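Report on the following structure.
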Amino acid sequence: MRFQSQRLLLMPLSQDHWPVFLALHRDDSVMQYVADMQSEAHVKVRFEQRLGGHSHHTHKFCWAITCKQTAAVFGVIGYDLVNDSQAELGYMLLPHHQGRGYASEALERVIAFAMKAQGVRRFSATVTQGNEASRKVLINCGFSQLQTRNTGYMINGKEVNDWCFELCVNAQL
């Protein structure tokens, strides 16, 4: 399923999007809040796991974020279904497209899709503590910050905490 917003086109992730997916996972400023840098082979496995979603037989959904005006692909966004009514969201944008409202715009469209297509009513997101830009995106999209959690997760040899967010949508909507 492909859909659009005012400025963006969201297309199901395909093999054509591999260069952007790899670029996201090779960018220090993107990965500082995600994970340690991984080998290209490991990133390719993660990419392959996100392909072919968007069917009733999968629980992963992932789209490439594209600028309608320039046709530039600059990010990915998606979710994993946790159960019939809950999804865990995530997104990554290349640095020169951050801070322009694209993440919020894409997130709103993905949430609307998940609600309509799968009946999802509860959305969660986990952000590494210190990632104020992602925190702002989630708050702007109506998420509440529930807690700070220490999971022992390490990025670049340093233990990091997670901020946990949730959005519950009234079933009447």
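The values are calculated or read from the model by the stated rules, or taken from the named source; none is laboratory data. Everything numeric here is computed off the predicted structure, so don't read it as measured data. FYI the Cβ positions are ideal-geometry reconstructions off the backbone, even for glycines, and counts take in every protein chain you see. With ligands, DNA and RNA removed, areas are computed over all heavy atoms of the protein, side chains included. Shrake-Rupley method; radii C 1.70, N 1.55, O 1.52, S 1.80 Å.
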Where does each of THR128, THR148 land when they are ordered by accessible area, with a 1.4 Å probe and the largest first? THR148, THR128
So I have (i) 59; (ii) 52; (iii) 66, and one of them is percent of Cα pairs over 20 Å apart calculated from this model. Which one is it? (ii)
With all protein chains present and a 1.4 Å probe, the order of HIS59, HIS42 from largest accessible area down is HIS59, HIS42
In deg cm²/dmol and to the nearest 500, what is the mean residue ellipticity at 222 nm of the chain if only DSSP H runs of at least 4 residues count, each as -39500 (n - 2.57), divided by the residue total? -8500 deg cm²/dmol
Rank by packing, highest mean first: peptides 71-82, 19-30, with packing defined as the count of other Cβ atoms within 10 Å averaged across residues. 71-82, 19-30
In whole Å, what is the distance between the alpha-carbon centres of the range 26-53 and the range 9-24? 12
Where THR151, THR66 fall by accessible area, highest first, once all protein chains stay in place (1.4 Å): THR151, THR66
For the range 97-170, restrict the atom set to alpha-carbon positions and state the Rg and Dmax in Å. 13.6, 41
